1. List every residue pair whose Cβ atoms sit under 6 Å apart, with the two residues 6 or more apart in sequence or on different chains, where the first one lies in region 101-117 and is charged (D, E, K, R) and open to solvent by 70 Å² or more (accessible area, probe 1.4 Å) and the second, anywhere, is modelled with pLDDT under 95 and not in a helix (DSSP H, G or I).
2. Within region 86-100, does at least one residue satisfy the condition of being under 21 Å from residue 41 (Cα atoms), touching a Ser or Thr at 6+ places or on another chain (Cβ under 7 Å) and outside any helix (DSSP H, G or I)?
3. Quickly run through region 99-126 and pick out the residues that are under 22 Å from residue 55 (Cβ atoms) and modelled with pLDDT under 85.
4. Working only within region 1-51, note down all residues that are modelled with pLDDT of 80 or more and under 17 Å from residue 133 (Cβ atoms).
5. Test each condition in (1) of a type in the set (D, E, K, R); (2) open to solvent by less than 10 Å² (accessible area, probe 1.4 Å); (3) modelled with pLDDT under 80 for residue 65 and report the one that comes out false.
6. Report the residue count in region 149-171 for those that are under 18 Å from residue 111 (Cβ atoms) and either assigned to a helix (DSSP H, G or I) or in contact with a Lys or Arg (Cβ under 6 Å, 6 or more places away or on another chain) (or both).
7. Out of 179, 174, which single residue is modelled with pLDDT of 95 or more, part of a helix (DSSP H, G or I) and more than 25 Å from residue 39 (Cα to Cα)?
Amino acid sequence: RLLTATPVLRRSWLGAVVAVLAMSVLATQAAPNAASPTLFLALAPLLPLAGVALSYGPALDPTYEMTVVAPLHGFRLLMIRTVAVLAAGLGLDGLATLALPGYGLRALAWLLPALALTSTGLALSARLGPVLAPSLVAGGWVTLLVAAHAYDAHATLAPFTAAGQGVAAAVAALAGGLLFLARDRFDRSRADRLQSDHFRGTAV
């Protein structure tokens, strides 16, 4: 029940993701002379990150109060929802990639950045919360792309080169390790939330 109640697994969110991907694919196909599907590669990594950010936390999850009192570790619930959201997001990204056969493997250059952004957002959310952390990661990604484009507007953007893909893989692995080390923080945050709600209810 806690999994199926995840907001981003609803048809409205999935429909919005499909619309964004369709527009980016159409924009890429409208520029057949482009060296790489830049718009698609820029947007695709952000969608799984946004999905994970919207799937957990008191501000966005309508079942958060249930998760606080559920006999389930906060980190385990986060991982269950993350895997479900990633499966949906990466699956839709993969289907969109199939609509760009002319670019070959270059159209898959979004995968490692998507994993890096998502794992970094999750690792930071242990300290910064489920909204601020992904927002900062998304802002950093956009800033990186803008800076890379300003440096050389005609070259392949740095995150989508071989070196950039290697960096993304390393960041994903490092962030995954940090997330595992910080796993107990998610349980403490749930306990703090439950204690806060108890005190507020007692005061009322």
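The values are calculated or read from the model by the stated rules, or taken from the named source; none is laboratory data. Computed from a predicted structure; not experimentally measured. Neighbour counts are summed over all protein chains in view; Cβ atoms, including those assigned to glycine, are modelled from backbone coordinates with ideal geometry. The protein model used for the area step is the full one, side chains on, heavy atoms only, and it has no ligands, DNA or RNA in it. Shrake-Rupley method; radii C 1.70, N 1.55, O 1.52, S 1.80 Å.
1. As it stands, the answer is 106/36, since those pairs meet every condition given.
2. Yes.
3. Selection gives 126 alone.
4. Of the residues in region 1-51, the ones modelled with pLDDT of 80 or more are 17-27, 37-51.
45, 46, 47, 48, 49, 50, 51 - these are the residues of region 1-51 that are modelled with pLDDT of 80 or more and under 17 Å from residue 133 (Cβ atoms).
5. (2)
6. Total meeting the criteria: 13.
7. Result: 174 is the single residue among 179, 174 that is modelled with pLDDT of 95 or more, part of a helix (DSSP H, G or I) and more than 25 Å from residue 39 (Cα to Cα).
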